[in-house]
Amino acid sequence: MGILFFLLWNGIILLNNPSMTEYPVRGVDVSSYQGEIDWKTLSSQNLSFAFIKATEGSSLVDPCFDYNYEQAQKTDLRIGAYHFFSYDSSGEDQAENFISTVSKIDNMLPPVIDLEFYGDKEKNPPEQKAVREQLDRMLKKLEDHYGQKPIIYATEKSYSLYLAGAYEEYDIWIRNVITGPSLSDNRQWTFWQYTNREQLTGYRGKEKYIDMNVFSGTPEEFSAYGK
């Protein structure tokens, strides 16, 4: 058991390892935790896309975003940006923070709102009605600005609490790093974050691991996605 735990913890064995045949379109999501990224090296490792953390709440900007966003565009990857949603700020203010940070680029993936928990929010989750009100406001402002329906990223718990049975017009990026994803209302996901313990080359940060994701469709479908 001790050896197995060591192999899992260090990313030598991944609990999830989706078939390349079934899910050929793969990508990463990154933030300042990956530190300085050599995008040429990172992008050469059988990746098709990258989501880059841009903002959080009403005022925080990821310190590596500008560099990552500029350098990633020099690769063949399709690029998107994501925002970490705060339950303590208005949807309008959060949208303005993202819009003022993330410029429109050619072939960009839709903007992402990352709806998960922080601090004591998982033990004491905010009330659904209040969360949906602010989420709705942010979604509308982002769609109006970018001309794309945003993607909503969620854990299975945050999905069940806030998204299940609603938001059917928005694509879901679901996190499950232990098993295959299962949405509580049996809805189909578009992106799946299948592990947070992959190790690739091309970055030097305080976090040695990187998140890996797959797209639910074919390369042809991905090429047309979000356009």
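Here are a few things to note about the model shown:
- Residue list for segment 107-122, filter: buried (at least 16 other Cβ atoms within 10 Å of the Cβ) and part of a loop (DSSP other than H, G, I, E, B): M108, L109, P110, P111, F117
- In segment 170-227, residue nearest to S19 (Cα to Cα) [restricted to those that are in contact (Cβ under 8 Å) with a residue 40 or more places away in the chain and among the β-branched types (V, I, T)]: V214
Residue-wise test of (1) crowded, with 18+ Cβ neighbours inside 10 Å; (2) in a loop (DSSP other than H, G, I, E, B); (3) among the aromatic types (F, W, Y).
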residue	(1), (2), (3)
I105	no, yes, no
N124	no, yes, no
Q134	yes, no, no
Q148	no, yes, no
Y159	yes, no, yes
W173	yes, no, yes
G180	no, yes, no
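- Residues in segment 204-227 that are part of a helix (DSSP H, G or I) and aliphatic (A, V, I, L, M): A224 only.
- Selection within segment 169-185: residues that are within 23 Å of D136 (Cβ to Cβ) and not hydroxyl-bearing (S, T, Y). The member of this set that is farthest from the chain's Cα centre (by Cα) is D185.
- Residue selected from segment 90-103 under the condition among the β-branched types (V, I, T) and surrounded by fewer than 22 Cβ atoms within 10 Å (Cβ to Cβ), by the criterion farthest from P150 (Cα to Cα): T101
- In the set (1) farther than 20 Å from A95 by Cα; (2) crowded, with 16+ Cβ neighbours inside 10 Å, the condition left unmet by G217 is number (2).
For every residue, the table says whether it meets (1) outside any strand (DSSP E or B); (2) modelled with pLDDT of 95 or more; (3) among the aliphatic types (A, V, I, L, M).
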position	(1), (2), (3)
L4	yes, no, yes
S19	yes, no, no
E22	yes, yes, no
Q45	yes, yes, no
E70	yes, yes, no
S86	yes, yes, no
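- Filtered residues of segment 47-68 (kept if assigned to a strand (DSSP E or B), crowded, with 19+ Cβ neighbours inside 10 Å and in contact with a helix residue (DSSP H, G or I) (Cβ under 6 Å, 6 or more places away or on another chain)): A50, I52, A54, T55
- Pairs with Cβ under 7 Å, 6+ apart, first in segment 86-111 and farther than 22 Å from E133 by Cβ, second part of a helix (DSSP H, G or I) and hydroxyl-bearing (S, T, Y): K104/Y146
The values are calculated or read from the model by the stated rules, or taken from the named source; none is laboratory data. This structure is a prediction, so every number in the text was calculated from the model and none was measured. Every residue, glycine as well, gets a Cβ built from its backbone with ideal geometry; the counts of neighbours run over all protein chains shown.
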